[in-house]
Every structure is written in structure tokens, then in C-alpha cells.
């Protein structure tokens with residue numbers, strides 16, 4: 001199963017930026033994200049994301 005951008009948005013809706021990778025993973029866990037989504041979030045660089053576009057760019061580098 002691959003994770004679509006729509007699915008990611010569903011699990012990450014309501015985020016407050018800036019946000020760190022660790023907080024993204026925690027948010028995904030609290031919102032019932034499947035293991036594949038959590039693995040993608042954990043694979044992100046350990047940095048802070050200032051807005052949704054920056055997060056999307058980082059996620060696109062994983063594909």
C-alpha cells in the first residue's frame with residue numbers, strides 16, 4: 001500500500017506550524033495513522049517544518 005497525499009493530509013489535518021519531526025510522528029500516532037504513514041514521518045529529516053509547503057517538499061523527497 002502506498003500513501004497518497006490525500007491520505008497524509010487526512011492524518012495531518014489541523015497541525016500547528018512550525019512543527020518538528022517528532023511532533024509530526026506523535027500527531028500521526030494520536031490521529032490513528034497507519035504504520036506506513038508513521039514510517040514516512042519518521043524518515044523525514046530531523047528538522048522543523050515552518051509551513052505545509054515545506055513539509056510537502058520534504059515528503060516528496062522520500063518518494
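The values are calculated or read from the model by the stated rules, or taken from the named source; none is laboratory data. Keep in mind the model is a prediction, meaning the values are calculated, not measured. With ideal geometry, Cβ positions are generated from the backbone for all residues, glycine too; neighbour counts draw on all protein chains shown.
General remarks:
- Residue pairs meeting the criteria (Cβ under 7 Å; at least 6 apart or on separate chains; first over 14 Å from residue 19 (Cβ atoms), in the stretch 37-55; second modelled with pLDDT under 90 and not in a helix (DSSP H, G or I)): 37/3; 40/3
- For the stretch 47-63, the set of residues classified as touching a strand residue (DSSP E or B) at 6+ places or on another chain (Cβ under 7 Å) and in a helix (DSSP H, G or I) consists of 55, 58, listed by residue number.
- Of all residues in the stretch 1-30, those satisfying the criterion of being over 14 Å from residue 54 (Cα atoms), at pLDDT 90 or above and exposed (fewer than 15 other Cβ atoms within 10 Å of the Cβ) are 22, 26, 29, 30.
- Of all residues in the stretch 1-46, those satisfying the criterion of being in a loop (DSSP other than H, G, I, E, B) and within 16 Å of residue 61 (Cα to Cα) are 2, 3, 4, 43, 44, 45, 46.
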